[in-house]
């Protein structure tokens, strides 16, 4: 069969009527569109999106950086910048794991006392100088030096540091310590810049603002106001970052004195990412099309910690059990945190050890029924009445002890931060419903720490514990930490718990540690030295366009930047066969 030639095709077309022309053109267009759609489907099947380098994000932070230096960093602003600008031997992932950063590998001796790290080849600081074992040795020695009062010093006291050669550094421990690898995430300082600085100038040097490290970003520009206060950092990606060149090229960090100025800047589109804001203001932000809200539970335990030395009523565990039942935790979560928190009943926060150890009972944000709240309070009253407490004419609980009538009352000391102040007010209201009289004592945070917590002058303390790693549990609950400067604010002492915490820190085996922490948790619940109330959520408002961002496991808020080198705004579309 022969195909028609051009002349025959033209003759056929010329013979078409208007109706036939319309049908022909319509069918022709349908065929073309169908072919294009088929090609598009085929293309979609073989094409994938890959991150592309480029773009800029601008984030606002409350506070002013003072020590952009990993061994001195104190404030959230300090810690945010040090996470961006510095690298350690190891680095945490957003999943909570530890991976080598500046280190190529590490080895642990059989007795678990010697850790030997080998550095990667061709690693350098932002100024181009090569990183060697000298820099690690210098940094750790600065941390250990009591003159500098480094917040990291407690992790390194007693650790011997030896330089084996330019690429190898060794740490010798006095006894096995399971969380030691977590300490090696400490950012490394460039010794060639810092070593000539006299000790007395270390804390005052402008180098603390410049922040020269080896992290994913490096400083391009710093802006200060007329009062010489830093207001702006312009960071650019560091191509030689040990864990891979970041995708986002520019990062602008702006600093604001308070939440109101931060939100004003956000609403005026001066910045496109914010955190540390009042949960009640999130609903307005959610209505903005170009943003999304990421949340995660922070490893922070807020509760009432009881001082038996100051108020003898707390030697009776039944009283504390009754208080626990009477406090409406879900009401606090709803009214104070707009449901951006979870109720807790354990000294171990929901975000710590939950993936590895499955220690934490799942918490839900579902609000209990009013009937359940009434039932809990009835149970609380029943517990107290069975212990001899009776409601007097004023509706307050009292009891005769050695022919003397005493009233069930105590004071709660806490900070003047809005969340804690409001939580204290709600607790007072809840306890009043069962006949317990509570006096609130509200302090400015500095005054609270210096004149209340340190001398242990409180009946009950409404306070928070940052349990960012396993060793924090030792700091908050071991009997050796009861007195200042220890952090055991419940003044809790139990030899069994002491031994459990000591063993947990010494055992590197996961199963052995699991057993110890389960026993620890159950013993605390049995002894009831505190009423655990809530763990807050971290709220992070980011651009909808940003990809690769996750905040699943934050120990501290600066951990949101741990894998910033994986974030991206722009994409390439390529066929799968060309993707390496």
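The values are calculated or read from the model by the stated rules, or taken from the named source; none is laboratory data. Being a predicted model, the structure only gives us computed values, none of them experimental. With ideal geometry, Cβ positions are generated from the backbone for all residues, glycine too; neighbour counts draw on all protein chains shown.
Does residue 304 satisfy the criteria of being assigned to a strand (DSSP E or B) and in contact (Cβ under 8 Å) with a residue 24 or more places away in the chain?
Yes.
Suppose the filter is in a helix (DSSP H, G or I), surrounded by fewer than 14 Cβ atoms within 10 Å (Cβ to Cβ) and either touching a helix residue (DSSP H, G or I) at 6+ places or on another chain (Cβ under 7 Å) or in the same structural domain as residue 483 (by TED's automatic domain parsing) (or both); does residue 447 pass it? If you could, list the steps in order and put the result at the bottom.
Values: in a helix (DSSP H, G or I): yes; surrounded by fewer than 14 Cβ atoms within 10 Å (Cβ to Cβ): yes; either touching a helix residue (DSSP H, G or I) at 6+ places or on another chain (Cβ under 7 Å) or in the same structural domain as residue 483 (by TED's automatic domain parsing) (or both): yes.
In short, yes.
Please indicate, with yes or no, whether at least one residue in segment 78-90 is within 20 Å of residue 159 (Cβ to Cβ) and in contact with a strand residue (DSSP E or B) (Cβ under 6 Å, 6 or more places away or on another chain).
Just the residues of segment 78-90 that are within 20 Å of residue 159 (Cβ to Cβ), to begin with: 86-90.
If we keep only those that are in contact with a strand residue (DSSP E or B) (Cβ under 6 Å, 6 or more places away or on another chain) too, we end up with 89-90.
Yes, segment 78-90 has at least one match.
What single numbered condition from (1) in contact with a helix residue (DSSP H, G or I) (Cβ under 9 Å, 6 or more places away or on another chain); (2) at pLDDT 95 or above; (3) crowded, with 20+ Cβ neighbours inside 10 Å fails to hold for residue 298?
Unmet for residue 298, out of (1) in contact with a helix residue (DSSP H, G or I) (Cβ under 9 Å, 6 or more places away or on another chain); (2) at pLDDT 95 or above; (3) crowded, with 20+ Cβ neighbours inside 10 Å: (2).
Taking the condition of being more than 18 Å from residue 466 (Cβ to Cβ), modelled with pLDDT under 95 and in a strand (DSSP E or B), how many residues in segment 527-539 meet it?
0
Please report, ordered by residue number, the strands (runs of 3 or more DSSP E) entirely within segment 112-173 with at least 3 residues that are assigned by TED's automatic domain parsing to the domain that holds residue 76, surrounded by fewer than 16 Cβ atoms within 10 Å (Cβ to Cβ) and at pLDDT 95 or above. Break it down stepwise before answering.
Details: elements: 114-119, 160-165, 168-172.
Those strands (runs of 3 or more DSSP E) span 160-165.
State whether the residues of segment 65-85 include one that is buried (at least 16 other Cβ atoms within 10 Å of the Cβ), under 21 Å from the mean Cα position of the chain (by Cα), in a strand (DSSP E or B) and assigned by TED's automatic domain parsing to the domain that holds residue 564.
Scanning segment 65-85 turns up no residue that is buried (at least 16 other Cβ atoms within 10 Å of the Cβ), under 21 Å from the mean Cα position of the chain (by Cα), in a strand (DSSP E or B) and assigned by TED's automatic domain parsing to the domain that holds residue 564.
Identify all residues within segment 230-246 that are surrounded by fewer than 22 Cβ atoms within 10 Å (Cβ to Cβ) and closer than 18 Å to residue 59 by Cα; write none if there are none.
230, 231, 232, 234, 236, 237
State whether the residues of segment 424-435 include one that is free of Cβ contacts under 8 Å to residues at least 60 places away in the same chain, surrounded by fewer than 19 Cβ atoms within 10 Å (Cβ to Cβ) and assigned to a loop (DSSP other than H, G, I, E, B). First the steps, then the outcome.
Step one: list which residues in segment 424-435 are free of Cβ contacts under 8 Å to residues at least 60 places away in the same chain, which gives 424-425, 428-429, 432, 435.
Next, only the ones that are surrounded by fewer than 19 Cβ atoms within 10 Å (Cβ to Cβ) stay: 425, 428-429, 432.
Then drop every residue that is not assigned to a loop (DSSP other than H, G, I, E, B), which leaves none.
No, there is no match, as no residue in segment 424-435 is free of Cβ contacts under 8 Å to residues at least 60 places away in the same chain, surrounded by fewer than 19 Cβ atoms within 10 Å (Cβ to Cβ) and assigned to a loop (DSSP other than H, G, I, E, B).
Looking at 473, 501, 491, which is the one that is modelled with pLDDT of 90 or more, on the phi > 0 side of the Ramachandran plot and not assigned by TED's automatic domain parsing to the domain that holds residue 252? Spell out how you get there, then give the answer.
Working: 473 fails: on the phi > 0 side of the Ramachandran plot; 501 fails: on the phi > 0 side of the Ramachandran plot.
On inspection, the qualifying residue turns out to be 491.
From the list 262, 243, 235, 251, which one is closer than 24 Å to residue 83 by Cα and assigned to a helix (DSSP H, G or I)? If you could, list the steps in order and put the result at the bottom.
Numbers: 243 fails: assigned to a helix (DSSP H, G or I); 235 fails: assigned to a helix (DSSP H, G or I); 251 fails: assigned to a helix (DSSP H, G or I).
That would be 262, the only listed residue that is closer than 24 Å to residue 83 by Cα and assigned to a helix (DSSP H, G or I).
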